[in-house]
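See below for the structure under consideration.
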């Protein structure tokens, strides 16, 4: 129960951060990608601040024996690039560049009741469903 509450609170804080920084607004992301026009530096500032907190916080947190609400740290162990990773990154980048949304901001953006964001989330869920089906077929 504690982990569920912690996850919910973390999600709420993350969503509020996305809303306050206006990362739920696709125009912000598309403005960042428009380096030859009216370039919007906002996304760079958001990513830079996240990187700064990670660079400082990650070594401090991983010095502990285990997380507060878990028996051990669960860190990525994969060290190689493979086709699913690369193709997923390409599809993510194309979708992000076309729509100006990625999963976190899209889900947080549902609170705005914007039909285009709801359509994006529906398409994202359908894509995940299709991806899972394809992966099962291929393995």
Query raised in the report: Within the range 26-45, restricting attention to residues that are in contact (Cβ under 8 Å) with a residue 24 or more places away in the chain and within 22 Å of residue 110 (Cβ to Cβ), which residue is surrounded by the most Cβ atoms within 10 Å (Cβ to Cβ)?
Result: 29
Report summary line: Filter the range 34-52 for residues that are touching a helix residue (DSSP H, G or I) at 6+ places or on another chain (Cβ under 6 Å) and assigned to a helix (DSSP H, G or I); the one that is nearest to residue 101 (Cα to Cα) is 43
Query raised in the report: Taking interchain pairs and intrachain pairs at least six residues apart, which have beta carbon atoms under 6 angstrom, with the first residue in the range 83-102 and surrounded by 11 or more Cβ atoms within 10 Å (Cβ to Cβ) and the second assigned to a helix (DSSP H, G or I)?
Result: 97/33; 99/120; 100/26; 100/29; 100/30; 101/26; 101/120; 102/96
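Read the figures in this text as sums done on the coordinates, not as results from a lab. What you are looking at is a predicted structure, and each value in this text was computed from that prediction instead of being measured. Cβ: placed from backbone, ideal geometry, glycine included. Neighbour counts: every protein chain shown.
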